[in-house]
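> Have a look at the structure that comes next, please.
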Amino acid sequence: METKEIYWHLPAFCYYFYLNQVTIHLMREFPEKFHEGYRVGSVYGTFPGAIWNGGRMVFGLSSKGDMEKIIGTYNKLCVPVRFTWTNSLLTEEHVHDTYCNLIMDLADNGKNQVLVNTKVLEDYLRKKYPHFAYISSTTKRITGFDELQAELAKDYLLVVLDYDLNHNEKVLKALEPQAEKIEILVDEICFPGCPRRKEHYADESLRQLTFDRGGSFKCHNMAQKPDFKECMKRPGFISREQLPAYIERGYRNFKLVGRGLPIEMVKDSYMYFLVKPEHEAFIRGKLEQTLQRLTGKRA
């Protein structure tokens with residue numbers, strides 16, 4: 001029987017450029033050491049300083065040349081770059097931002113994707129940049145089944161499931177006919193049902209818009225020093241032992257967190273989810289060795 005391809009969506013295409021690039025190459029060089037049928041479906045995130053960015057603040061600035069290099073590298077590997085244009089506070093005045101439009105112009109080759117949240121930006125992007133694939137973001141906080149069905153009926157490549165529903169058997173069963181259009185975030189570090197999550201997204205959006213690093217958002221659910229072992233204790237976490245049940249039901253797209261998180265935590269998640277346990281030490285060694293050669297230091 002033909003193995004069904006399973007797509008993993010990796011974080012921070014810019015900040016973790018080398019980590020993601022090396023991981024993709026290792027998956028192709030040593031396919032027998034990774035779970036069968038696993039592919040990198042996209043790399044998501046933003047270039048620093050883009051005001052359309054949401055979910056996590058990313059400050060700084062990228063040059064046009066660096067952006068072209070990063071987009072081109074992933075696209076040559078046949079991996080889409082997915083922009084997190086999910087700032088929840090955008091208005092009409094923000095859609096004409098020169099820097100964000102430059103990013104879209106550079107990536108406008110029919111190979112890349114956009115995560116969307118606000119109607120004003122989505123309408124603008126669909127009209128000006130019709131060659132991108134559009135994806136509905138988990139930051140919309142869609143937890144009602146009827147609302148979710150309405151979202152799935154729209155013209156989206158994928159709809160990222162709110163992770164409050166990761167273990168909701170009734171919803172997962174009902175979504176099976178549309179499972180291939182669902183993306184599941186398997187290792188979110190926040191707690192399901194957090195009443196302040198939408199407020200947190202708005203706070204991140206405001207800081208991105210105003211270039212205000214400020215202080216950290218105060219929430220008792222936030223881990224002070226996030227690591228992968230702590231993440232595994234979260235109620236929304238989907239373990240690798242549980243994943244086959246999702247795949248058997250038709251779910252094929254899975255997302256890993258990582259933006260704004262320690263690189264060691266991100267590496268741990270890649271090893272845990274992508275690599276066969278008996279080959280983890282080998283792949284981790286290859287990963288560290290290659291990263292050190294590329295960067296001149298242990299990444």
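> Might you let me know whether region 127-140 holds any residue that is surrounded by fewer than 18 Cβ atoms within 10 Å (Cβ to Cβ), part of a helix (DSSP H, G or I) and within 20 Å of the chain's Cα centre (by Cα)?
The answer is no, given that none of the residues of region 127-140 is surrounded by fewer than 18 Cβ atoms within 10 Å (Cβ to Cβ), part of a helix (DSSP H, G or I) and within 20 Å of the chain's Cα centre (by Cα).
> Next question, about the same structure. Regarding residue 87, is this residue in contact (Cβ under 8 Å) with a residue 24 or more places away in the chain and out of contact with any Ser or Thr (no Cβ under 9 Å at 6 or more places or on another chain)?
Considered against the rule, which asks whether it is in contact (Cβ under 8 Å) with a residue 24 or more places away in the chain and out of contact with any Ser or Thr (no Cβ under 9 Å at 6 or more places or on another chain), residue 87 comes out as no.
> On the given criteria, is residue 41 part of a loop (DSSP other than H, G, I, E, B), within 27 Å of residue 250 (Cβ to Cβ) and within 18 Å of the chain's Cα centre (by Cα)?
Answer is no for this residue.
> State which residue is surrounded by the most Cβ atoms within 10 Å (Cβ to Cβ) when the search covers only region 165-209 and only residues that are small (Gly, Ala, Ser) and over 13 Å from residue 252 (Cα atoms).
By that ranking, first place goes to 205.
> Still on this structure, I have one more. Do you know which residues across region 138-162 are at pLDDT below 95 and touching a Phe, Trp or Tyr at 6+ places or on another chain (Cβ under 9 Å)?
Of everything in region 138-162, those that are at pLDDT below 95 and touching a Phe, Trp or Tyr at 6+ places or on another chain (Cβ under 9 Å) turn out to be 138, 139, 141.
> Residue check: is residue 147 free of Cβ contacts under 8 Å to residues at least 24 places away in the same chain, under 26 Å from residue 78 (Cα atoms) and not in a strand (DSSP E or B)?
no
> Among the candidates 246, 270, 251, which residue alone is in contact with a Ser or Thr (Cβ under 8 Å, 6 or more places away or on another chain), at pLDDT 95 or above and buried (at least 19 other Cβ atoms within 10 Å of the Cβ)?
After applying the criteria, what remains is 270.
> Kindly evaluate residue 56 against the criterion of being outside any strand (DSSP E or B), in contact (Cβ under 8 Å) with a residue 40 or more places away in the chain, buried (at least 16 other Cβ atoms within 10 Å of the Cβ) and of a type in the set (Lys, Arg).
yes
> Shifting gears a bit: Kindly state which helices (runs of 4 or more DSSP H) lie completely within region 161-272 and contain at least 2 residues that are farther than 22 Å from residue 86 by Cβ.
Where helices (runs of 4 or more DSSP H) fall fully within region 161-272 and carry at least 2 residues being farther than 22 Å from residue 86 by Cβ, they are 169-174, 228-231, 243-248.
> Looking at (1) among the hydrophobic types (A, V, I, L, M, F, W, C); (2) touching a Gly at 6+ places or on another chain (Cβ under 7 Å); (3) surrounded by fewer than 22 Cβ atoms within 10 Å (Cβ to Cβ), can you tell me which one residue 13 breaks?
Status for residue 13: all satisfied but (3).
> A further question follows. Looking at residue 242, is it over 18 Å from the mean Cα position of the chain (by Cα) and either in contact (Cβ under 8 Å) with a residue 12 or more places away in the chain or within 30 Å of residue 136 (Cβ to Cβ) (or both)?
Here the answer is yes, as residue 242 does meet what is asked.
> Any residue at all in region 93-114 that is of a type outside the set (S, T, N, Q), part of a loop (DSSP other than H, G, I, E, B), in contact (Cβ under 8 Å) with a residue 60 or more places away in the chain and surrounded by fewer than 19 Cβ atoms within 10 Å (Cβ to Cβ)?
No.
The values are calculated or read from the model by the stated rules, or taken from the named source; none is laboratory data. Being a predicted model, the structure only gives us computed values, none of them experimental. Cβ: placed from backbone, ideal geometry, glycine included. Neighbour counts: every protein chain shown.
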